[in-house]
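Here's the structure we're looking at; comments come further down.
The values are calculated or read from the model by the stated rules, or taken from the named source; none is laboratory data. What you are looking at is a predicted structure, and each value in this text was computed from that prediction instead of being measured. Backbone-built Cβ (ideal geometry, glycine too); neighbour counts: all protein chains shown. We work out accessible area using only protein heavy atoms, side chains counted, and drop any ligands, DNA or RNA first. Shrake-Rupley method; radii C 1.70, N 1.55, O 1.52, S 1.80 Å.
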Amino acid sequence: MDKLFKNVINIFNEACKTADIGKTIHTILKQPKNELIVNFPVRMDSGEMKLFKGYRIQHNNILGPYKGGFRFHPQVNLDEVKGLAMLMTLKCSLADLPFGGAKGGVKFNPKDHSESEMERITRRFVHALGNNIGPNFDIPAPDMGTSAQTMNWMMDTYLNTSGSLERQCLKGVVTGKSVKVGGTKGRAQATGYGVVMCIEEWAKQHNYDLSQKTFIIQGFGKVGSWAAKRLDSLGAKVIAVNDCAGTLYMKDGIPIRQLTEHIQNKGSLEDFMGQELLSREDFFSMKADVMIPAALENQIGEEEARMAQVELIAEGANGPINNKADAILEERGIAVIPDILANSGGVIVSYFEWLQNRSNDYWHEHHVLEKLHDKITQAYHIVHDLSIELNVSKREAAYIRALKNIDEVYTERGIFP
Ligand code: NAD
């Protein structure tokens, strides 16, 4: 079993016990409702045909249409996607959104392909999925290796392969589109900003002046870079960023705007302002106040948990800390804001995009971000209070709250037939 899936199932089992979730609901939620695997051919620029494997896992839809990102990454596999889909069900429930949970992906490395190959891979994948996605059934969004451009191609393919009469009301088939194409203002920054909004709530509770604190971030993609921008605007110092190339360290603070431009042009931290890169170990053992993992899952294992020298870890990524590391961090008094809370800003604003698409409306950015703030801080305090009431970690409290919500809906609706 994939490590992420195993970690998620372990916490899920524990939380079901504490929340007193009955056997039937536990059994239903332990497995996804639908598991779809598609193999589809795509013509490369050389003329050669290549076969790709894509996944869509629809975990649960008791709260509403399936919702969750598409990942393009060489490590994508069925179990990983199953774990991520379960996290989506819990995330949507915790944020009180009328969505279920799903996740998908295609196993390949985007770095190996030209823009036109990326477009053909994306369009063929959507075509292969056919009616297994739809604005009232299953609504994908960006994740690792996918972008607003990927979503634009997905929407366009879906619309062009649907009946022409209904085309204009199907834009909500994906969220995270660019604003011109029907996306919402505020979606690009939503996940990263949401992570920092949670940190801001934590800081208020701990009399922590963020402008005096230092931050380290793993991953400078869609989540990490926007988290860094919000921190920068709060006057906080990001002293280290880690990606596949290594660790960039600047003790007086990394200039975030310049780094964003550099990554856009060069694609990695290499050669930034003549800085030598440090190692991955240097990153995880670095002394700072807050760490934001915003890259892959399973990045913080026992070793990293022992070497960490931070006070707080806010999970921008999904599943970056494994179960054993969680226990070590707790023992060492390092606080954790768990993924299904910390990175829920993306799906919250995806919901706003879906609402706007349904009514052909366009909201102002400040309105979107204000509503995001209301929703995510409310969830933060619910989780915080529950963790104190039950004397459990914030992660367990978040799972318990999400599961209880789903359990109540099953109880009130009953199970067909
Ligand atoms: P992205 O593809 O935009 O960025 C990923 C970043 O991680 C890049 O900077 C990349 O260089 C870095 N990275 C990849 N492999 C690495 C490795 N082995 N070591 C160090 N760095 C590595 O992806 P993203 O959308 O920012 O997603 C990052 C994480 O956040 C994922 O776990 C994703 O599931 C989660 N997440 C994303 C969103 C969203 O809205 N995009 C929402 C919720 C959760």
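Entry note, the chain: the mean residue ellipticity at 222 nm calculated from DSSP H runs of n ≥ 4, each adding -39500 (n - 2.57), is -15000 deg cm²/dmol after division by the residues and rounding to the nearest 500.
Amide H contacts under 5 Å for G176: T184, restricted to partners 5 or more places along the chain or on a different chain, H placed in the peptide plane at 1.01 Å from N. When the accessible area of the stretch 189-337 is split by element with a 1.4 Å probe, what percent falls to carbon and sulfur? After summing per-atom areas, the C and S share lands at 44 percent. Taking the inverse of the mean reciprocal distance over all distinct Cα pairs, the Kirkwood hydrodynamic radius of the stretch 189-337 comes to 15.1 Å.
Taking amide H as placed 1.01 Å from N in the peptide plane, the amide H of I217 sits under 5 Å from that of A240, V241, N242, I292, each at least 5 places away or on another chain. For the stretch 285-300, 3J(HN,Hα) computed residue by residue from phi via the Karplus equation (6.51, -1.76, 1.60; θ = phi - 60°) reads 9, 6, 7, 7, 8, 9, 10, 10, x, 9, 10, 9, 6, 6, 8, 10 Hz, glycine and proline entered as x.
Taking only the alpha carbons of the stretch 8-150, we obtain Rg and Dmax values of 16.3, 57 Å in that order.
Per residue, the accessible area of the chain comes to 43 Å², computed with a 1.4 Å probe over protein heavy atoms only. Restricting attention to the chain, close to 50% of DSSP beta bridges with both partner residues there are antiparallel. Out of all Cα-Cα pairs in the chain, roughly what percent, to the nearest whole number, are more than 37 Å apart? Every Cα pair in the chain considered, those over 37 Å come to 19 percent. Its Cα centre serving as origin, the chain has a Cβ charge dipole (Lys and Arg +1, Asp and Glu -1) of approximately 1080 debye. Neighbours of D282 by Cβ distance under 14 Å: Lys/Arg scored +1, Asp/Glu scored -1, total -2. Backbone geometry of the stretch 204-214 corresponds, through the Karplus equation with coefficients 6.51, -1.76 and 1.60 at θ = phi - 60°, to 3J(HN,Hα) couplings of 4, 5, 10, 6, 10, 8, 4, 5, 9, 10, 10 Hz, x marking Gly and Pro. Selection among A398, V106, T377 by position relative to the dipole of the chain gives V106 as farthest towards the positive end (Cβ unit charges, Cα centre). For the stretch 340-417, the calculated P(r), taken from all Cα-Cα distances in 5 Å bins from zero up to the bin holding the longest distance, is 3, 13, 18, 17, 16, 16, 11, 5, 1, 0 percent. Remark: the stretch 152-164, residue by residue, has Karplus-estimated 3J(HN,Hα) of 4, 5, 5, 4, 4, 5, 4, 5, 6, 9, 9, x, 5 Hz, where x stands for each Gly or Pro and the curve is 6.51 cos²θ - 1.76 cosθ + 1.60 at θ = phi - 60°. When the chain is described by a simple charge dipole with +1 on each Lys and Arg Cβ and -1 on each Asp and Glu Cβ, the residue from V76, N265, M197 located farthest towards its positive end is V76. Ranked from largest, the principal axis spans of the Cα set of the stretch 171-211 equal 44, 18, 9 Å.
Applying 1/(1 + (r/R0)^6) with R0 = 41 Å to the Cβ-Cβ distance of E276 and K50 gives a FRET efficiency near 0.60. The apolar share of the surface of the stretch 1-149, taken as the fraction of accessible area on carbon and sulfur atoms (1.4 Å probe, ligands and nucleic acids excluded), comes to 49 percent. With a 1.4 Å probe rolled over the protein heavy atoms of all chains, the accessible area of K171, K67, K204, K53 falls in the order K204, K53, K171, K67, largest first.
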